[in-house]
Structure formats: C-alpha cells, structure tokens
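The values are calculated or read from the model by the stated rules, or taken from the named source; none is laboratory data. Bear in mind that the values here come from a model prediction, so they are computed numbers and not experimental data. Cβ: placed from backbone, ideal geometry, glycine included. Neighbour counts: every protein chain shown. Areas reflect the complete protein model, heavy atoms only, side chains present, ligands, DNA and RNA absent. Shrake-Rupley method; radii C 1.70, N 1.55, O 1.52, S 1.80 Å.
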Amino acid sequence: MYAIRIKGRLGPTAVSAFPTMACETKGSETVLVGSVEDRSALFGVLAQIEALGLDLLEVRQIRARPKSPGYDDARSPDGV
C-alpha cells in the first residue's frame, strides 16, 4: 500500500488516470492511496504523475490493515 501526496486538487479527469488508487483531498493537496503490485507499477504511477505535470510532494509506503479485526501478529504459532 502506498500514499502518494500531490500538490493541488485533482479534477475528475486527472483522478481517472489512477484507476487503482483511492483519491482524498486534504486542503490544497490530493492524496492517492492504494496497493501497487510491484516496483515497476509504482514507477508507472510516478511516471503518470510526471506526464500530467503534477507536483509530487511525497511517496510513502503504508501498512495494509489486517484482514480480520482480531488478528494479532504477536501470537505464537500454537495460538497462545
């Protein structure tokens, strides 16, 4: 999962260039959030940002949420 912060508010046409990403507007910035298959796909998203002439502010890898609410990484293999 990645969060990609872009300067400015993206319109519907620009947002449509990132179909696999969710889009949030925070003040005068847009944050694209979504999973990226691999490094090549990440560079593809970044190339699209550059091609559209957008100002990239930040790229941050974020953790995906656990699939079940009761999941705990600290449990031992025997479930204790």
Tell me which residues, restricted to region 2-23, are in contact with a strand residue (DSSP E or B) (Cβ under 8 Å, 6 or more places away or on another chain) and farther than 14 Å from E58 by Cα. R9, L10, V15, F18, T20, M21, A22, C23
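Quick check on region 7-57: of everything there that is part of a loop (DSSP other than H, G, I, E, B) and hydrophobic (A, V, I, L, M, F, W, C), which residue is most open to solvent (accessible area, probe 1.4 Å)? First the steps, then the outcome.
Filtering region 7-57 down to residues part of a loop (DSSP other than H, G, I, E, B) leaves 8-11, 16-21, 27-28, 35-38, 52-54.
Among the residues that remain, those that are also hydrophobic (A, V, I, L, M, F, W, C) are: 10, 17-18, 21, 36, 52, 54.
Details: L10: 28, A17: 33, F18: 9, M21: 19, V36: 27, L52: 80, L54: 40 Å².
Only one residue fits best here, namely L52.
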Here are some conditions: (1) within 13 Å of the chain's Cα centre (by Cα); (2) on the phi > 0 side of the Ramachandran plot. L46 meets all but one. Which one does it not meet? (2)
